[in-house]
Amino acid sequence: MTVEEFCAAMESGEPVEGQSGLHQMFHLLAVRARRIAAALNRQVKPEKIRKIFFRLTGQARDDTFSMFPPFYTDCGVRIRVGKNVFINAGCCFQDQGGIEIGDGALIGHQVVIATLNHMFAPERRGGMTPAPVKIGKGVWIGSHATILPGVTVGDHAVVAAGAVVTKDVPAYAVVGGVPAKFLCDVRDKTDPPRAE
């Protein structure tokens, strides 16, 4: 199976049975991802981090992207980032189902983005169902937040630190808690004055 065939299968959203050829591809891509992430996590220079990150994803390199390692993923080829994206240290992306991060998004320390659910039936527990996560432009995800499979976070929304996001977040919403609930609209908030 090629990477292109794998990506097409994940796009379908069909369940992946444990021990199937597709499931075996998960493991092959995970070995590749761990190898590349290990190289990325040894870097300190922004240009080297960018080069290795975009080798991991297969996306064309973008010099507006920045990241503080370490970074962990068990696939890599299903991550897509927009312009001016920042990913802070310790994030874990389970991207087989697909992760899209819009322009100007800020991802805090140790954020987890998951795109797979295991099957509920015990005899099928090794199988998984992929569902993409989409992070809109200008989104801020606070430290230690978890975004679950199938969630879309609308443009300019804020996910509070430690939140567990189980359903879609509207644009401009601030959500927090476990599970995350609507707290307010960012347009109703006032930033503190700038220091002179």
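The values are calculated or read from the model by the stated rules, or taken from the named source; none is laboratory data. Small disclaimer: the values here were computed from a predicted structure and weren't measured. Here Cβ is always computed from backbone atoms with ideal geometry, including for glycine, and neighbour counts include all displayed protein chains. Ligands, DNA and RNA are excluded from the accessible area calculation, which covers all protein heavy atoms including side chains. Shrake-Rupley method; radii C 1.70, N 1.55, O 1.52, S 1.80 Å.
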(message) So residue 156 passes all but one of these: (1) buried (at least 18 other Cβ atoms within 10 Å of the Cβ); (2) touching a strand residue (DSSP E or B) at 6+ places or on another chain (Cβ under 8 Å). Which condition number does it fail?
(response) (2)
(message) Residues that are under 13 Å from the mean Cα position of the chain (by Cα) and of a type in the set (Asp, Glu): list the strands (runs of 3 or more DSSP E) wholly contained in the range 90-151 that include at least 3 such residues.
(response) none
(message) Cβ contacts < 7 Å: first residue open to solvent by less than 50 Å² (accessible area, probe 1.4 Å), restricted to the range 25-50; second residue basic (Lys, Arg) and not in a helix (DSSP H, G or I), any location; separation 6+ or different chain. Result?
(response) 50/61
